[in-house]
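Colleague: One structure is given below, represented as structure tokens, and several questions about it will come after.
The values are calculated or read from the model by the stated rules, or taken from the named source; none is laboratory data. Quick caveat, the model's predicted, so the values are computed rather than measured. Counting neighbours? That spans all protein chains shown, and the Cβs are built from the backbone with ideal geometry, glycine included. These accessible areas exclude ligands, DNA and RNA; they are computed on the full protein's heavy atoms, side chains included. Shrake-Rupley method; radii C 1.70, N 1.55, O 1.52, S 1.80 Å.
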There are 2 protein chains.
Amino acid sequence: MTVSRVLNRSPLVAPETADRVREVMEQVGFRLNQSARNLRQGRTTTMIGLVVDDIANPFYASLGREVEQVAERHDALLVVASCGSDLARERRVVTTLLDRGLDGLLMYPTAGDHGYLSEELLEKRPVVLLGRRPSGLDTDAVGVDNVGAAMRAVLHLFDHGHRRIGLVGYGRAESGDDPNADHRLGRIEGYRRGLASAGIGYDPDLVRLRCAGVNEAATAVRELLALPDPPTALFAMNNRMTVGALRVLGAGLGGVALVGFDDFELADVFDPPITVVAPDPGEMGRRAAEILFARLGGDERPIERTTLGAVLIARGSGELRPRSRP
Amino acid sequence: MTVSRVLNRSPLVAPETADRVREVMEQVGFRLNQSARNLRQGRTTTMIGLVVDDIANPFYASLGREVEQVAERHDALLVVASCGSDLARERRVVTTLLDRGLDGLLMYPTAGDHGYLSEELLEKRPVVLLGRRPSGLDTDAVGVDNVGAAMRAVLHLFDHGHRRIGLVGYGRAESGDDPNADHRLGRIEGYRRGLASAGIGYDPDLVRLRCAGVNEAATAVRELLALPDPPTALFAMNNRMTVGALRVLGAGLGGVALVGFDDFELADVFDPPITVVAPDPGEMGRRAAEILFARLGGDERPIERTTLGAVLIARGSGELRPRSRP
């Protein structure tokens, strides 16, 4: 009772007693938790987090904007943080956010074991995964049919006469992950299946898989174009790779056909405009946020796993036909 | 002492006493504050916040990425949130973040009175402002010479023969703010001064100031081009306006010269490539983050106010000469 009175600044407690109690609480790491207090008084603002690879990637920016709109409808606040495709950093980011009272988490997880997201850490707070479904974490997820989308891109180029189709891919060394759970491996798998389905052999010379960003993608495209028998078409595995390819190909694309994975602002303003296979980041964000808020509202349905399809947006760059050889 | 023992789960306290004490603490809104505890044990992760208008705007994305790199060097975590140019929402976002234990704040403030950021709310936590310097808040700030940059854009178009220079501007109704403190009004002022300096009269028909985003900017450009005596050049007041203009002008720009404020990815890949006046968002983010971490480290120098210049990057679109009239 004395403690309670001290905390509520009751005049019934002698000042020296109050000071003593506060001091003890400070020593052991307690302090007034304003959000817990707000909660009881119905004044709290729910805070949800979105953790992605790179906050500057426009795919995540579009996704984040939709999440934010759902959050606003629920009078909640969204904070975004990035983990740079690094599991140790992701763990630090997520743990810090949860320690600071995050109410729910949307995450584009890095590859690897996510066992650190223990029940003890989560304290029943909901997590919805985007994109990948890593090991060690059994929860709601909204994914993309990467295999199907990449396959579609390759077959689209085949239908326009291409037989030498280069792949410009991101990421580090291949991991042992389940290919169906990892968007990167899924896209590579889709590229292979597209070739197989078209009856084209897989030529490792046409495949560049280790590009960390725009600059590395540009280098890879330069290398591909310098081959004795260069590709007549390129499939760029995400929008960073597409931008890298555009930097090398330039306006007009030098006659090289191009299909990118993921749409990007201004894709339709190029000459020719850029053809993409694209999951809708807005839809992904919206679906995931809606699941998260349903969970926050007490929804206890079994785990929900949604896979979104991708559309092929034919704008011109993917419909260029191979140039005849000199 | 009993309280301390309860909190530290000491075996010297009878379970029923421990339960009683925990219950009282819960009732009054206390709970174990993990970050306070971490701090004492040297394990805390500093969390800083970046609050901007719109997390999906690539200008803020570039800025955020640099802030993140500075944060990483200090082993700190950055969270980003947006306030949609709405002061009430900004207040909620900032208050919530501070309640949740944010250690320092970088903010691109909306216009209006920021008196809500009281000493009581801040509890000595540092704030560094980006862009604007609103009333009611006397703190470190990193701004841009908007007037000078806009003036430079207009004079560049004048130097290339243009006399009818349209302005595509963002924002809501004009507020009563100090023009030097608000980037929007600063850019309008720079446009006016550029015209005056070139001896060109200000023609309100050529000025569109209320565009909320890309789509509204596109509409404004369509209206400008439909005028009986249309502009031969456009100055787009931020990268959203530039993108809107590009959607209407298309590849080749239809011979209309264009200078945008703020650079954007792919600006150099267009045909013609896009000329911009651009403060460096990365430099802004870096400078502001460095000031913030200096303050977090105990730096008590007087308030620091930095104004960054902008560069003009001539790439082609701003160097098109007016077409002769039919």
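Conditions (1) open to solvent by 10 Å² or more (accessible area, probe 1.4 Å); (2) of a type in the set (A, V, I, L, M); (3) over 21 Å from the mean Cα position of the chain (by Cα), marked per residue:
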| position | (1), (2), (3) |
| --- | --- |
| B:Ala226 | yes, yes, yes |
| B:Gly250 | yes, no, yes |
| B:Val259 | no, yes, no |
| B:Phe270 | yes, no, yes |
| B:Val277 | no, yes, no |
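Colleague: Being touching a strand residue (DSSP E or B) at 6+ places or on another chain (Cβ under 8 Å), under 23 Å from A:Arg287 (Cα atoms) and either within 14 Å of chain B (Cβ to nearest Cβ) or among the hydroxyl-bearing types (Ser, Thr, Tyr) (or both) is the filter here; which residues of segment A:94-121 pass it?
Modeller: A:Val94, A:Leu97, A:Leu98, A:Leu102, A:Asp103, A:Gly104, A:Leu105, A:Leu106, A:Met107, A:Tyr108
Colleague: Something else about it: Yes or no: B:Gln69 at pLDDT 85 or above, more than 18 Å from B:Leu97 (Cα to Cα) and not hydrophobic (A, V, I, L, M, F, W, C)?
Modeller: So B:Gln69 fits the description; yes.
Colleague: Considering only segment A:261-270, state which residues are closer than 13 Å to A:Gly316 by Cα and not in a loop (DSSP other than H, G, I, E, B).
Modeller: A:Ala267, A:Asp268, A:Val269
Colleague: Here's something else I'd like to know. For segment B:106-124, which residues satisfy the criterion of being touching a helix residue (DSSP H, G or I) at 6+ places or on another chain (Cβ under 7 Å) and farther than 16 Å from B:Gly49 by Cα?
Modeller: If the condition is that a residue be touching a helix residue (DSSP H, G or I) at 6+ places or on another chain (Cβ under 7 Å) and farther than 16 Å from B:Gly49 by Cα, then B:Gly112, B:Tyr116 are the ones that fit.
Colleague: Next question. Out of segment A:254-274, which residues are out of contact with any Leu (no Cβ under 7 Å at 6 or more places or on another chain) and more than 10 Å from chain B (Cβ to nearest Cβ)?
Modeller: A:Gly254, A:Gly260, A:Phe261, A:Asp262, A:Asp263
Colleague: Would you please list the contacts, defined by Cβ atoms under 7 Å and residues six or more apart or on different chains, that run from a residue in segment A:51-73 that is over 20 Å from A:Leu87 (Cβ atoms) and of a type in the set (Ser, Thr, Tyr) to a residue that is open to solvent by 20 Å² or more (accessible area, probe 1.4 Å) and assigned to a helix (DSSP H, G or I)?
Modeller: Taking only residues 6 or more apart or on different chains, the pairs are A:Ser62/A:Pro281.
Colleague: Tell me which residues, restricted to segment B:255-309, are touching a helix residue (DSSP H, G or I) at 6+ places or on another chain (Cβ under 7 Å) and among the β-branched types (Val, Ile, Thr).
Modeller: Result: B:Val256, B:Val259, B:Val269, B:Ile274, B:Val276, B:Val277, B:Thr306.
Colleague: Continuing with this model, one more query. If you scan segment B:72-93, which residues turn out to be part of a helix (DSSP H, G or I) and more than 10 Å from every other protein chain (Cβ to nearest Cβ)?
Modeller: Selection gives B:Arg73, B:Leu87, B:Ala88, B:Glu90, B:Arg91.
Colleague: Next question, about the same structure. Are any residues in segment A:271-323 assigned to a strand (DSSP E or B) and either touching a Ser or Thr at 6+ places or on another chain (Cβ under 6 Å) or β-branched (Val, Ile, Thr) (or both), and if so, which ones?
Modeller: A:Thr275, A:Val276, A:Val277, A:Thr306, A:Thr307, A:Val311, A:Ile313 - these are the residues of segment A:271-323 that are assigned to a strand (DSSP E or B) and either touching a Ser or Thr at 6+ places or on another chain (Cβ under 6 Å) or β-branched (Val, Ile, Thr) (or both).
Colleague: Find the residue count for segment B:88-137, including only residues that are surrounded by fewer than 21 Cβ atoms within 10 Å (Cβ to Cβ) and of a type in the set (Phe, Trp, Tyr).
Modeller: So the answer is 1.
Colleague: Among the residues of segment B:231-242, is any more than 18 Å from the chain's Cα centre (by Cα), open to solvent by 20 Å² or more (accessible area, probe 1.4 Å) and not polar (S, T, N, Q)?
Modeller: No, there is no match, as no residue in segment B:231-242 is more than 18 Å from the chain's Cα centre (by Cα), open to solvent by 20 Å² or more (accessible area, probe 1.4 Å) and not polar (S, T, N, Q).
Colleague: Moving to a separate point now. Hey, does segment B:176-184 have a residue that's under 20 Å from B:Arg321 (Cβ atoms) and open to solvent by less than 30 Å² (accessible area, probe 1.4 Å)?
Modeller: Taking every residue of segment B:176-184 in turn, none turns out to be under 20 Å from B:Arg321 (Cβ atoms) and open to solvent by less than 30 Å² (accessible area, probe 1.4 Å).
Colleague: Here is a follow-up. Could you say whether any residue in segment B:281-304 is out of contact with any Leu (no Cβ under 8 Å at 6 or more places or on another chain), in the same structural domain as B:Gly166 (by TED's automatic domain parsing), surrounded by fewer than 16 Cβ atoms within 10 Å (Cβ to Cβ) and of a type outside the set (Val, Ile, Thr)?
Modeller: Scanning segment B:281-304, I find no residue that is out of contact with any Leu (no Cβ under 8 Å at 6 or more places or on another chain), in the same structural domain as B:Gly166 (by TED's automatic domain parsing), surrounded by fewer than 16 Cβ atoms within 10 Å (Cβ to Cβ) and of a type outside the set (Val, Ile, Thr), so the answer is no.
Colleague: Does A:Leu258 count as within 19 Å of A:Arg240 (Cα to Cα) and either at pLDDT 90 or above or in a strand (DSSP E or B) (or both)?
Modeller: yes
Conditions (1) in contact with a Leu (Cβ under 7 Å, 6 or more places away or on another chain); (2) modelled with pLDDT under 95; (3) of a type in the set (S, T, N, Q); (4) within 30 Å of B:Cys211 (Cβ to Cβ), marked per residue:
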site	(1), (2), (3), (4)
B:Asp19	no, yes, no, no
B:Arg31	no, yes, no, no
B:Ser35	no, yes, yes, no
B:Leu39	no, yes, no, no
B:Arg65	no, yes, no, yes
B:Gly84	no, yes, no, yes
B:Arg100	no, yes, no, no
